[in-house]
Amino acid sequence: MKKTLRTNINGLASLIFILYITGCHSISRVYKQGLKKFDNGEYELAIQDFEKAVAGNYETDRSHFMIAESYRLSNRVREAIPYYKKAIDAGTATTASRFEYAYALKASGLYDEARNEFAAFAQSDSADSKLKERARREIEILRIAPLLKQNKMNVKVENMLFNTPGSEFSPVVLGSDLVISSSRKETVYKNNGQAMLGLYRMKIGDEPSESGGTPTVFSQNIFVPDVNEGSPAFTPDGKTLVFARGNSGKKKGPQDVHLYMSRLVDGAWTEPRYLPVNDSLSWDGSPAFSRDGKTLYFASNRPGGFGGIDIYRTNMDASGRFSKPVNMGEDINTPGDEMFPYVASDGRLFFASDGHPGLGKLDIFVATRSQGVITVENMGVPFNTPQDDFGLVFYGEENENGFFASNREGGRGDDDIYYFYTEKTTRPDSTPIAKTDDPRYFNGELKVVRYFLAGNVISNDPEGTPIDSAIVHVMLPDTADHELARFTTGEAGTFGNQKVEEVQNYILLTERKGYISKRTPFSMNGKTIPPIFLTKALTDTVYRVTIRLDRLELNKTFVLENIYYDLNKYNIRPDAAAELDKLAQELKDNPTISIELSSHTDSRASDAYNLTLSQRRAESAVNYLISKGIDESRLVAKGYGERQLIVPNAKTEEEHQRNRRTEFTILSY
C-alpha cells in the first residue's frame, strides 16, 4: 500500500513537472511569436502575445517594454504609459524610450511629470544628441503649455454623428459632400486591431454637425479591401483626387504608404496611379492642393528634412506632371512631425505639428506671411488638446466654420471628426476693438521682444569642465562664413550676449587649442514668443546654448551618426551624404588633423565577403570627402568587416543597421 502510494505520488510529481516544463515551452513560444509579430509591424497581435507572457510570468520586464513600444508604434501612446514605467523601473527600457515615456505623459496632459522625465533624459550621457535637444525644447514648451490653454478662441466644437468606435479623420469638402477617411473595411489592420481605412462620402446637412446616416464608399474604382486608403485632396474643380494608400501588411514597417492620383472622367474615377513625387523608401501622405490647384502640398519622412515628417510642396502643370518636391523650410518644419497641410482661401497655411509649442501631441497651427516673414501660431483651445488634433478644413467662404479631427477625451472612438463654428458676438455699444483688447499691445504700446544668445563651453566628458580662452565665432550659415561677432570665454567658460533676430539661423564655430574645433547650429525658428505671453511693452529674452568640445587626442575614435548602408551595398545614401558633409566641414575647420575612416558591416555574410564590402564602403566615404575638397593625404580608408560588432547577436534589421556603421579615428595632428 505504501509503495503504491509512493509510486502514485512520484508519478504525480513527474506529471506536474512535465506540465510545468510544457507550460514554460508554450509561454516561451508565445513570447517569441510576439517578437516576430512586433518585427512585422503587427502590434495589436504582438500585444496579445506579450500580455500572455506577462500572465505566465515569462520575460515579464521585457514584455512590459515590448507592450509599451507596440502601443507607441500604433499611435496609442497613452496606453503605453504604465508599461513604460514598469520597464524603466526594471531597467529593461532603452535610453530612447525614456523620451517616448515623457512624450506620452505630455500627450496625456501630465505636464509636470513629463517635464521631469524630459529633464532626466536630457541629462543622460548615453542619449542621442538630437533627441536630447528635442527634450530640452520640450521642457521649454511645457513651461508655456498652461499659457497656451488660456488662448481660447470664440469657437464651438461638436462631435459628428457618423463617428464610430474606429477612426474617422481627414475631412474634405467636395461640393455639398463631405469626404472622409474611415476604418470601415472588413479586413482588420494588424497594426492597431482596427478595420482598414477607406474613403467614404456623405451629404452635408443644413446643420453640418448633425450630418448623419451611413457614409458610402467614395468610389469602387479606388476601393481596395486589404489596404489602407485615406487623406483625400481634390483640386478646386473637383476633377482630380490625390490620396494616400498603403499599409497592406505584406511589407514590413509603415514605409509602404505613398500618394496616388485618380481623375474624374465621364462621371467615374479612374484607376489610381502612383505619383512620381513619392520616395519609394519613405512615408508619403496627407496631401492638399493650393487654391488654384497648381501646387500640391504633402508630408514625407524622406531623407534631408528637418525632422521626422516634414511638409513639402510640388508644382503640377496642366498635363499632370509634377516638379521636384521642395521642403517648406524650417519656418514650418521642426525636428518633430509636421503633416496634414491645408491652404485656406485667404492663403493661410494650416497644418498639424508636434514640434512647434503645443499642448501635447499634434496641435493645429496656422502660418501667415507678412513682408517676407512667416509667423506660426498655435490655434489654441478648443481646437487643441493634449491629444492629437489635426486635419482642419473650412466649410464656406468666410473661413469661420469647418471640420477637423481629434482623438481627444470624450470622443466616440479613436480619431473622430468634429464640426466647429464661430459664435457671432458683438459689443453692446458696437464700438471697435481697442488696442487694449489686442494681445499685440500693452497699455497702448506695441509689444517688443529683444532676443539675445549666450552660452558656455565645456569639455565633452562626464565632468563637463568649463573651458576658458575658447573663441566662439557667431556666423550666418552661408558659404562665406559671414561673421557677426566673436567672443572669448572667461574662466567660467561663458560667452555672450549676442543680439539675434527672429526666424534666423546661426552657426557657432568654437575653437580652442588642444580641442577639436566644432560648429554648433542655433536656430531662432520656433523660438518667437507669441504676444499673448508678454506682460510688458519691452521684454528681453536670452537663449543659452552649451557647447561641448572633444579633446584632441591621438587614436581617439568617433562614431559618425546616421551613416548607414543598405544591405550588401556600398553607395553613399542621401542621409549618409548629409552626415559626411558635416565631417568634411569639420576637417576643414581642423586642417591639421589626419584620420582613418573605418567601415563596419553586419554579420550576415562570410567574413571574407564582409571585409571586402567594408573596405569598399570606407573607400566610398573617403572618395566622397575628397570630392568635397579634403586632401587625400589626410584620409585613410579601412574596412573591418564584422570583426567589431556593436550588437554581437543582432536579430532585427535595426540592430543589423547599427552594426553597419562608419567611424573615424585621429591618426595625427
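Before moving on, here are some points about what is shown:
- Scanning the range 337-366 for residues that are free of Cβ contacts under 8 Å to residues at least 60 places away in the same chain, farther than 20 Å from residue 115 by Cα, of a type in the set (A, V, I, L, M, F, W, C) and open to solvent by 10 Å² or more (accessible area, probe 1.4 Å) yields 339, 343, 349, 366.
- Tally of residues being open to solvent by less than 30 Å² (accessible area, probe 1.4 Å), of a type in the set (A, V, I, L, M) and at pLDDT 90 or above across the range 508-539: 3
- Taking the criterion of being of a type in the set (S, T, N, Q), in a loop (DSSP other than H, G, I, E, B) and under 19 Å from residue 268 (Cβ atoms), the residues of the range 213-226 that qualify are 219, 220, 221.
- Filtered residue count, the range 472-493, keeping only those that are touching a residue at least 40 places away in the same chain (Cβ under 8 Å) and surrounded by 16 or more Cβ atoms within 10 Å (Cβ to Cβ): 1
- Boolean, residue 546 is open to solvent by 30 Å² or more (accessible area, probe 1.4 Å), under 26 Å from residue 579 (Cα atoms) and either touching a Gly at 6+ places or on another chain (Cβ under 7 Å) or touching a residue at least 12 places away in the same chain (Cβ under 8 Å) (or both): yes
- Residue list for the range 554-590, restricted to those being out of contact with any strand residue (DSSP E or B) (no Cβ under 7 Å at 6 or more places or on another chain), assigned to a loop (DSSP other than H, G, I, E, B) and either over 18 Å from residue 642 (Cβ atoms) or not hydroxyl-bearing (Ser, Thr, Tyr) (or both): 561, 562, 566, 567, 568, 569, 571, 572, 573, 590
- Pairs linking a residue in the range 213-238 that is under 20 Å from residue 274 (Cβ atoms) to a residue that is among the charged types (D, E, K, R) and open to solvent by less than 20 Å² (accessible area, probe 1.4 Å), with Cβ atoms under 6 Å and 6 or more positions apart or on different chains, are 225/185.
- Count of the range 481-511 residues which are polar (S, T, N, Q) and farther than 30 Å from residue 376 by Cα: 4
Quick grid of which residues meet (1) closer than 29 Å to residue 194 by Cβ; (2) surrounded by fewer than 21 Cβ atoms within 10 Å (Cβ to Cβ); (3) touching a Pro at 6+ places or on another chain (Cβ under 9 Å):
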position	(1), (2), (3)
263	no, yes, no
274	yes, yes, no
279	yes, yes, yes
288	yes, no, yes
292	no, yes, yes
312	yes, no, yes
315	no, yes, no
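- Scope the range 368-389; condition open to solvent by 10 Å² or more (accessible area, probe 1.4 Å) and assigned to a strand (DSSP E or B); matching residues: 368, 369, 370, 373, 374, 375, 376, 377, 378, 381
- Taking first residues from the range 161-176 that are touching a residue at least 60 places away in the same chain (Cβ under 8 Å) and among the aliphatic types (A, V, I, L, M) and partners that are in a strand (DSSP E or B) and open to solvent by 30 Å² or more (accessible area, probe 1.4 Å), the Cβ contacts under 8 Å between residues at least 6 apart in sequence or on separate chains come to 174/201.
The values are calculated or read from the model by the stated rules, or taken from the named source; none is laboratory data. It should be emphasised that the depicted structure is a prediction, and the values quoted were computed from it without experimental measurement. Note that we place each Cβ from the backbone using ideal geometry, even for glycine, and neighbour counts take in every protein chain shown. In case anyone asks, the SASA skips ligands and DNA or RNA and just uses the protein heavy atoms, side chains included. Shrake-Rupley method; radii C 1.70, N 1.55, O 1.52, S 1.80 Å.
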